[in-house]
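What follows is one structure encoded as structure tokens, with my remarks underneath.
Values quoted throughout were computed directly from the atomic coordinates according to the rules given, and no laboratory measurement underlies them. Being a predicted model, the structure only gives us computed values, none of them experimental. Ideal geometry is used to build each Cβ from the backbone, glycine not excepted, and the neighbour counts take in all protein chains shown.
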Amino acid sequence: MSGSGTSGPGTSGSRPRKKRIILIAVAALVAIALVAIGGVYAWLALTMSRAGSRPGVAEARQALQEPLPTRTSLFDLDPAAGMDATAQATTDPASSTAPSTGTPPPPETPGTMNLLILGTDKRDDSDETWGRTDTMMLAHVDPVAGFVSLLSFPRDLRVQLGVFGPQKLNAAFALGGDALAIRTIRDLTGLKIDHYAKVDFQAFQALVDHFGGIYVDVDRRYYDEGDVLLPIDLEPGYQRLDGDAALRYVRTRHDQNHDWARIQRQQRFLRAVKEQVVSWDMAFRLPGAVSTLMDYLTTDMGATDALKLAWWAARLDFGRIKQVTLAGNDRMIDGIAYVLSNETQVRDAVNALLTPPEPPSPPSEAHVGDLPLRDTLLDLSGVVVEIIDAGAGQESVAATARFLADHGASVSLGAATKEARTQSAVLFSAQMERSLADKAALVSLATAVPRLVEDAKLRRVVLLAGTDLVPPDPQATLEELEQARWSFLASESGFTLAAPSWVPPRFTFAGSRVYYVASGSGDKLTARITYKKRGEEQYYGLTCTRLTDAPAVTAGRRVTIDGRLFTIVGPARNPERVWWRDGGLVYWVTNTLASALTEEELLGIAASCHTGA
């Protein structure tokens, strides 16, 4: 069971197939960077030569040198539509061979390159030749324009694999190893692949543990007991994840968005690693990380290219890292679940990959423009709740039932308990449909019952109406209900909190908690409030914490609104969060995984919060 109190890192799961944990793309980029800056050049050259002599590299190098053919990988593309987006490689081919162990060259700027990142998983007891890859990500590195963009591919994307016919994208590696994976992505995008890096999933876990965990702002509740899927148990909010929990978090696909949400979590985790690993205090741990990761890294890159890439990437501003997702639609074909993308969607993704992020604006006095009106009515449509009298009395139960029904809920009355409860609670099963947790949060908000309890035996939301239940005011507005919850959080945490006066339309309250975040200087009290977009699994969060040196509090574009200083972190078009300080505390609002909120909307939320110690 779980309530609104303290909780810690947990675990997460994936699709019903019993697959082992796979590696996500961040391990490859960070592994190369760590190897490049982890020791003297002679040792680095020998280390990189090991990574370049593993099975599959020779065939991969041959594939990398092949000219661009006519693109035919996407099985359902319109053959009449052409692909005119290409990238020119400026990387010196000679630097991809086994490097010299002499004097290191100066850390010059790397050439523009397209780097394919593969995350692989091969069972020890499997007779598979290559294993499997569930992560394919293309990194476009452009030092001239000063940015890196990352294009993630759905593993279920339907492609044409030559003699193998139509297949899922992840079959490319399983059927033909590194070389076929390279050729498939090259043919799909029409881009020359300059280098590639392949890392086994264990590298990801080892990397995270070696650095003592990575702080992640988990967008929502993730839970599964593991009867079918890999177990997962994560509460929403900012927390430090160890290697196992982090790997489960980025791997899980148990939600409405399937591959898309998994890709978004991977990219968000990658940015968190960039914030936290590339820092002065982490440098002391680099040699040990290199030794650990080298057992799992395979790449054609030589020491010279790796050193240049690492030196440049370590100084890259966070706002110059851009994420790109290939759009598509889920479809069942002959009983198999695929993702289908058309010619236009592929072209748009490639063009976005090659286009720099919008330039940041200088520090300025800003104002929030005319934002759309927030929702004012509590909407409980689709919520099914059973009320059980546990001491509240028939009159209070009836009044509460009327209030919930008047706002769209389907309400039933259960048999009263034999013994009275002094504390009301909202019960639900997080193991069941994902939306039950959100519906339980809405019932909790509407009835001013903050205690949420998970009960795996339930198949519905249940309100246990104890002696402390006060029936809602029939005239209460959504804003008043939210303010009541924020007041409760203020009393629980000791923080001065007030609900934001502006919430983006279609977003509604989806839960809150007060808990502690682990840190090197002790556990720090934190409050988290989650909002969800109706009809979509998109969540944004508001955080207030005593962890004033949290990695989330990083450099960005600074603006002033009504005399208050706010820092915007991430690309201008799709910022990840806005943070500010007030009264010895740090606050931030985090965008949804799909960056559904604009910069103006994030600032609108932040500026409407009344904060302080």
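In table form, for the structure just shown:
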{"read-out": "Label-point gap, in nm, between Ile333 and Ser487 - each point 7 angstrom along Cα→Cβ", "value": "5.8 nm"}
{"read-out": "Region 384-465: Cα Rg divided by the 2.2 N^0.38 Å rule of thumb", "value": "0.99"}
{"read-out": "Difference of contour (0.36 nm per residue) and Cα-Cα distance, Ala572 to Thr598", "value": "8.5 nm"}
{"read-out": "Extension reserve of the Gln394-Asp523 stretch, reckoned as 0.36 nm per residue once the Cα distance is removed", "value": "42.1 nm"}
{"read-out": "Cα shape, region 417-518, gyration tensor, a/c 1.5 rule", "value": "rounded"}
{"read-out": "Around Glu235: net Lys/Arg minus Asp/Glu count, Cβ-Cβ under 12 Å", "value": "0"}
{"read-out": "Rel. contact order, % - alpha carbon contacts under 8 angstrom, at least six apart, region 481-607", "value": "19 percent"}
{"read-out": "Convex hull (Cα only) mean projected area of region 481-607, reported in nm² to one decimal", "value": "7.8 nm²"}
{"read-out": "Reference-scaled alpha-carbon Rg (2.2 N^0.38 Å with N residues) for region 429-483", "value": "1.21"}
{"read-out": "Residues Gln65 and Arg315, FRET efficiency given R0 of 35 Å [Cβ-Cβ distance, rounded to 0.05]", "value": "0.70"}
{"read-out": "Peptides ranked, highest mean first, by Cβ atoms within 10 Å: ranges 178-185, 110-117, 447-454", "value": "178-185, 110-117, 447-454"}
